[in-house]
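One structure is given here, and the rest of the page talks about it.
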Amino acid sequence: MTTASTLPELARELGFPVKKQGRSWGGPKCPSCGSGSDGSNRLNIFIGRDGKWRFRCHACYTHGDAADFLAKAKGVPLREAIREVAGSPGVDITPSAVDDEQERLSALKLALDKIAQRAVDGRREVGAYLASRGISRLTLDRAIGRGIVRCLPAEPYAAQRFLDEVVGQDLLHKAGLVKPGSRWAAIAFRPLMGVLPGGGAEFRLARDVTPHEVKAIRYGRLAWPWWWRVGESPVNRVIVVEGLIDLLSIAEAGLKDGEAVMGMPGAAGWKPEWFSALAQKHGNARLDVGLDADDAGNRASEAIIQAAQQAGLRAVRLVPPSKDWNEALTTGRLP
């Protein structure tokens, strides 16, 4: 029987190199599909809305609770795994912990709202980084005007001062943006803020990523993806892409009246109900599913096409001309 009291402890006990990231945990190794690159975060461990520890793989989409994790990791039947973790908080957590999580989520939404209202000081530095990725200052300004992008100060000390003044240390800790015992927020090093509708946000490094670095951290609810629509005509085409940078790249290349881009925060960052909502509002639109041209993007595209078709939408695979749309933009392969 395991002695672990939480799923992160169980994962470490089983040899999975997971690290704390805000209120969740991440790592490069999945109990089902194995290891990714050293700096990847294919495995995510978190507390679900039902108050149970859960995991999800962003590569193969395997998900479940502590018993599922143990069954996959050890290659044993689920019934055996359930017996092994029975009575452990790795399966269930107390109602008080659920209340604490709801309080944290409320604090996080308030903190993210405060940041989004004031975070424009790093526009020059973020603009320079995006320019190196082929995205113009005009597109950045439009993204800011649409409420999609915000810019924290690029220098970490200045960014932390901004967070202290705008949010305050007490709320930063309550929101889980600062780890216990620290006063530095991980987002102080990630000035490019992608604001997700419904109370979520992604914070990205505004420079090239070195090995073992986490490029982006996402906080809050994933209620709806990034959305960029052009014109007043009924939407007749929706291009589904992977990530904020690809969404900005498509916007940079130009859209026609009646076209829109839906930016998923990662290949696994989508929900089937989004396509039901699209079918109700834009039922005549065709979805061009243009996630990255790699294994994860191809697998996710197949699942998205199936979910969209089940919702009554026309959906086809649109393979990027390069690995992704930003690479296509910077290499001149976008029209």
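The values are calculated or read from the model by the stated rules, or taken from the named source; none is laboratory data. Bear in mind the structure is a predicted one, so any value in this text is a computation, not a measurement. Neighbour counts are summed over all protein chains in view; Cβ atoms, including those assigned to glycine, are modelled from backbone coordinates with ideal geometry. Please note that ligands, DNA and RNA were not included when accessible areas were found on the heavy atoms of the full protein model with its side chains. Shrake-Rupley method; radii C 1.70, N 1.55, O 1.52, S 1.80 Å.
Between Asp50 and Arg299, the contour length at 0.36 nm per residue exceeds the alpha carbon distance by 86.9 nm.
Tally the DSSP beta bridges in the stretch 145-300 and give the antiparallel ones as a percent, rounded to 5. Let's see the in-between values first.
Numbers: 18 of 28 bridges.
Antiparallel: roughly 65 percent of the beta bridges in the stretch 145-300.
Here the spin labels are modelled as points 7 Å beyond Cα on the Cα-Cβ line, and at Val120 and Arg23 they lie 3.0 nm apart. Summarising the overall dimensions of the stretch 221-262 from its C-alpha atoms, the Rg and Dmax are 10.2, 31 angstrom.
Go ahead and estimate [θ] at 222 nm for the chain from helices alone: -39,500 (n - 2.57) per DSSP H run with n ≥ 4, summed, over the residue count, rounded to 500. Spell out each step's value before the answer.
Details: 12 runs with 126 residues, N = 335.
The per-residue figure over the chain is -11000 deg cm²/dmol.
With distances taken between every two different alpha-carbon atoms, the stretch 158-292 has a Kirkwood hydrodynamic radius of 16.6 Å. Checking Cβ-Cβ separations below 4.7 Å across the chain identifies Cys151 as cysteines lacking any candidate disulfide partner. Between the stretch 311-334 and the stretch 209-243, the alpha-carbon centres lie 14 Å apart.
Magnitude of the Cβ-charge dipole of the stretch 39-88, K/R +1 and D/E -1, about the Cα centre, nearest 20 debye? It would help to have the intermediate numbers written out before the result.
Details: 9 positive and 5 negative charges, 21 e Å.
That gives the stretch 39-88 a dipole magnitude of about 100 debye.
Comparing Gly134, Gly200, Gly181 in a Gaussian network model of the chain (Cα springs below 10 Å), the most mobile by mean-square fluctuation is Gly181. Taking every DSSP beta bridge that has both ends in the stretch 223-335, the antiparallel portion is near 20%. Rounded to the nearest whole Hz, the Karplus-based 3J(HN,Hα) values (6.51 cos²θ - 1.76 cosθ + 1.60, θ = phi - 60°) of the stretch 269-286 follow the sequence x, 8, 9, x, 5, 4, 7, 5, 5, 5, 5, 5, 8, 9, x, 8, 7, 9, with x at glycine and proline.
For the stretch 267-330, the Kirkwood radius over C-alpha pairs fed into Stokes-Einstein at 10 °C and 1.306 mPa s yields D = 131 µm² per second.
Computed from Cα atoms, the angle from the helix 156-166 axis to the main principal axis of the chain rounds to 80 degrees. For the chain, the solvent-accessible area with a 1.4 angstrom probe is 46 square angstrom per residue. Once backbone amide H atoms are built at 1.01 Å from N, Leu196 has Ala201, Glu202 as its partners under 5 Å, excluding neighbours fewer than 5 places away on the same chain.
So what's the net charge close to Ala300: Lys and Arg +1, Asp and Glu -1, counting the other residues with Cβ under 9 Å from its Cβ? Provide the component values of the computation, followed by the final result.
Details: positive: Arg299; negative: Glu242, Asp292, Glu302.
Taking every Cβ under 9 Å from that of Ala300, the sum is -2.
Residues whose amide H falls under 5 Å from that of Trp227, counting only those 5 or more places apart or on a different chain, are Gly263, with hydrogens built in the peptide plane.
In loop segments of the stretch 216-310 as defined by DSSP, the GluC sites (Glu not before Pro) with at most 13 further C-beta atoms inside 10 Å of their C-beta are Glu232.
Would you kindly calculate the mean projected area, averaged across all directions, of the convex hull enclosing the Cα atoms of the stretch 179-254, in square nanometres?
Values: hull surface 28.3 nm².
Average projection, Cα convex hull of the stretch 179-254: 7.1 nm².
Treat the stretch 229-320 as a sphere of radius equal to its Kirkwood radius over Cα pairs and apply Stokes-Einstein at 10 °C in a medium of 1.306 mPa s; give the translational diffusion coefficient in µm²/s, rounded to a whole number. Using the Kirkwood radius from Cα pairs, D works out to 123 µm²/s. What FRET efficiency would be calculated for the residue pair Cys33, Arg314, taking the C-beta separation as r and a Förster radius of 45 Å, to the nearest 0.05? The formula returns an efficiency of 0.90 here. Quick one: with all protein chains in place, what share of the accessible area of the chain is carbon or sulfur, to the nearest percent (1.4 Å probe)? Of all accessible area on the chain, carbon and sulfur atoms account for 50 percent. Placing a label point 7 Å from the Cα of Asp113 along the Cα-to-Cβ direction, the residues of the stretch 183-206 with a backbone N closer than 18 Å are 195-202. A simple rule links phi to the HN-Hα coupling: the Karplus curve 6.51 cos²θ - 1.76 cosθ + 1.60 with θ = phi - 60°, which for the stretch 8-18 gives x, 5, 4, 4, 5, 4, 8, x, 8, x, 8 Hz, with x for Gly and Pro.
Along its principal axes, the stretch 256-298 has C-alpha extents of 30, 25, 14 angstrom, given from the largest down.
Site pair Ala277 and Glu155 shows an inter-label distance of 4.0 nm when each label is modelled 7 Å from Cα along Cα→Cβ.
Across the chain, the convex hull enclosing all Cα atoms gives 138 Å³ per residue. For Ala128, what charge total do you get from the other residues with a beta carbon under 12 Å from its beta carbon, if Lys and Arg give +1 and Asp and Glu give -1? Neighbour charge sum, excluding Ala128 itself: +4. For the stretch 163-221, the pair-distance distribution built from all alpha carbon pairs, in bins 5 Å wide starting at 0, is 4, 18, 24, 27, 18, 8, 2 percent.
Comparing Gly15, Gly199, Gly266 in a Gaussian network model of the chain (Cα springs below 10 Å), the most mobile by mean-square fluctuation is Gly15. Within the chain, DSSP assigns beta bridges of which about 70% are antiparallel (rounded to the nearest 5).
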